[in-house]
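Structure first, commentary second.
The values are calculated or read from the model by the stated rules, or taken from the named source; none is laboratory data. Keep in mind it's a predicted model, so treat the numbers as computed, not measured. Here the Cβ is made from the backbone with ideal geometry for all residues, glycine too, and neighbour counts use every protein chain on show. Only protein heavy atoms, including side chains, enter the accessible area calculation; ligands, DNA and RNA are left aside. Shrake-Rupley method; radii C 1.70, N 1.55, O 1.52, S 1.80 Å.
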Amino acid sequence: MVSRLRLVALISIFAFTVVALLNSRSGAAPAAQAHTVRLVSISGDLTDLSRAHDERDFTRANAATPSYAKLSITLDLGEEHNIVGVIQDHGRWAMQYPGAYRVEVARSLGGRWDRVFEGPGQRGESRATFEAVRGRYVRITATDERRGAEDWSIAELRVMVDPLATPRRGPLGDRDQDRDRDRDRDRDQDRDRDRDRDRDRDRDRDRDRDRDRFPDRVDRAMRDITMAFDRNLNTRATSGVYDYAGASLTIDLEGEYEVSRVIQLHGQ
């Protein structure tokens, strides 16, 4: 009787072990299917975007400014996938990761964008992983900058997909997204308002300082100013006095340009 009980117990243990192994293998299979897909195109606010998917970690796309909050890029995967993650490889520019960023996924550019991740960047590699979402387009938006003068650089972009994953169904938290969107908009408006106020304050401070230093000359204009633009080195604009401190002129370029230098030609 005892031997029969032992035999039954051994058979039960063996069967339980086999079932556990099969379950563990079947549970690991979907994870093993996750892989990267090659991007069809990238568009957005960063410079040299083609360098972010040229399979070379010594080239980069970058914001070219430390004030990159609200800049974004959009990735086109060419067709719909079960998207489970996005990786920003910062390559040689390991410290030029975003202060914080948001990842959104959409099936079409004009369709609904679902927020799937929001958090800080990481040194070397900023990795965003999330529950599978069905989509073709991925948008990455910087929501905050890092303190200091660091740029936002991306050497290579990789999007992780999992064909065997079950994508999340339905809207991804409409109320939460609307609340967060309103919060972000209010925060951006407050930030812009603060910047405008600081700029106006600095301008007024500089004007007051010049007025104190040069009370009788601060608004003195140059004479014959049109002669400075007549392409003739034999004519000139002039202050008309030797004591010209505080005199100024303003040039309207009739458009926005990236100005790198200003040259004054003083003639012969």
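Kindly establish whether V133 is touching a Pro at 6+ places or on another chain (Cβ under 7 Å) and assigned to a strand (DSSP E or B). Yes: the conditions hold for V133.
Only a single criterion out of (1) of a type outside the set (S, T, Y); (2) in contact with a Pro (Cβ under 9 Å, 6 or more places away or on another chain); (3) closer than 24 Å to R185 by Cα is not satisfied by K70, namely (2). Of all residues in the range 88-116, those that are part of a strand (DSSP E or B), more than 13 Å from the chain's Cα centre (by Cα) and among the aliphatic types (A, V, I, L, M) total 3.
When M227, M222 are checked against the criterion of being open to solvent by less than 90 Å² (accessible area, probe 1.4 Å) and at pLDDT below 75, a single residue qualifies: M222. On inspection, V133 does not qualify as closer than 24 Å to Y68 by Cα, buried (at least 19 other Cβ atoms within 10 Å of the Cβ) and in contact with a strand residue (DSSP E or B) (Cβ under 7 Å, 6 or more places away or on another chain).
Residue under question is R56, and the condition is that it be open to solvent by 70 Å² or more (accessible area, probe 1.4 Å), of a type in the set (D, E, K, R) and either more than 30 Å from R147 (Cα to Cα) or modelled with pLDDT of 95 or more (or both); does it hold? In short, no. Among the residues making up the range 136-149, those that are open to solvent by 60 Å² or more (accessible area, probe 1.4 Å), part of a loop (DSSP other than H, G, I, E, B) and touching a residue at least 60 places away in the same chain (Cβ under 8 Å) are G148, A149. Please identify the pairs in which a residue from the range 217-244 that is closer than 18 Å to G267 by Cβ has its Cβ atom under 6 Å from the Cβ atom of a residue that is open to solvent by less than 60 Å² (accessible area, probe 1.4 Å) and at pLDDT 80 or above, counting only partners at least 6 apart or on another chain. Partner pairs satisfying both residue conditions: M222/A237; R223/T238; D224/A237; I225/A237; M227/T235; M227/A237; A228/A237.
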